[in-house]
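> Let me give you the structure first, and then I'll get to my questions.
The values are calculated or read from the model by the stated rules, or taken from the named source; none is laboratory data. Nothing here was measured: the structure is a model prediction, and the numbers come from that model. Note: ideal-geometry Cβ built from the backbone for every residue, glycine included; neighbour counts use all protein chains shown.
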Amino acid sequence: MSNRIIEGYNLYQKGSVDVKHYEDDHIIFEVKKNDTESYIVSMIYGYWNCDCADYVYRNQRQPGSFYCKHLQAAQFKLLDILKNKEGEL
């Protein structure tokens with residue numbers, strides 16, 4: 001698990017995470033794998049999902065128990081969004 005957190009952080013640091021849609025309870029991120037491919041990570045009412053094969057396979061075995069590196073990267077991006085939002089208040 002810790003490797004995925006570090007890999008997710010690295011993706012976030014490289015600027016590989018874009019927000020495609022934002023509402024308080026519904027956020028969609030695009031996490032770039034490379035110049036031509038990306039994954040979609042979503043958070044709806046606190047439930048996270050990623051369309052990468054790693055997440056789909058492991059989440060089917062134990063729903064809600066797995067976080068892939070793309071999901072981790074999106075969570076780092078969300079933390080930035082929330083910090084900036086706090087600063088505006």
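> For segment 14-30, enumerate the residues that are touching a residue at least 12 places away in the same chain (Cβ under 8 Å) and not charged (D, E, K, R).
Ser16, Val17, Val19, Tyr22, His26, Ile27, Ile28, Phe29
> Does Tyr57 satisfy the condition of being among the aromatic types (Phe, Trp, Tyr), modelled with pLDDT of 95 or more and at negative phi?
no
> Any idea which of Tyr39, Tyr57 is surrounded by 11 or more Cβ atoms within 10 Å (Cβ to Cβ), without any contact (Cβ under 8 Å) to a residue 12 or more places away in the chain and not basic (Lys, Arg)? Can you show your working first?
Numbers: Tyr39 fails: without any contact (Cβ under 8 Å) to a residue 12 or more places away in the chain.
Matching residue, one of Tyr39, Tyr57: Tyr57.
> Out of all the residues in segment 3-33, which are of a type in the set (A, V, I, L, M, F, W, C) and under 12 Å from the mean Cα position of the chain (by Cα)?
Selection gives Ile5, Leu11, Val17, Val19, Ile27, Ile28, Phe29, Val31.
> Since Pro63 meets every condition but one in (1) modelled with pLDDT of 90 or more; (2) out of contact with any Cys (no Cβ under 6 Å at 6 or more places or on another chain); (3) not polar (S, T, N, Q), which condition does it not meet?
Result: Pro63 fails condition (1) only.
> Moving on. Would you mention how many residues in segment 11-20 are part of a helix (DSSP H, G or I) and surrounded by 12 or more Cβ atoms within 10 Å (Cβ to Cβ)?
Looking only at that region, the number is 2.
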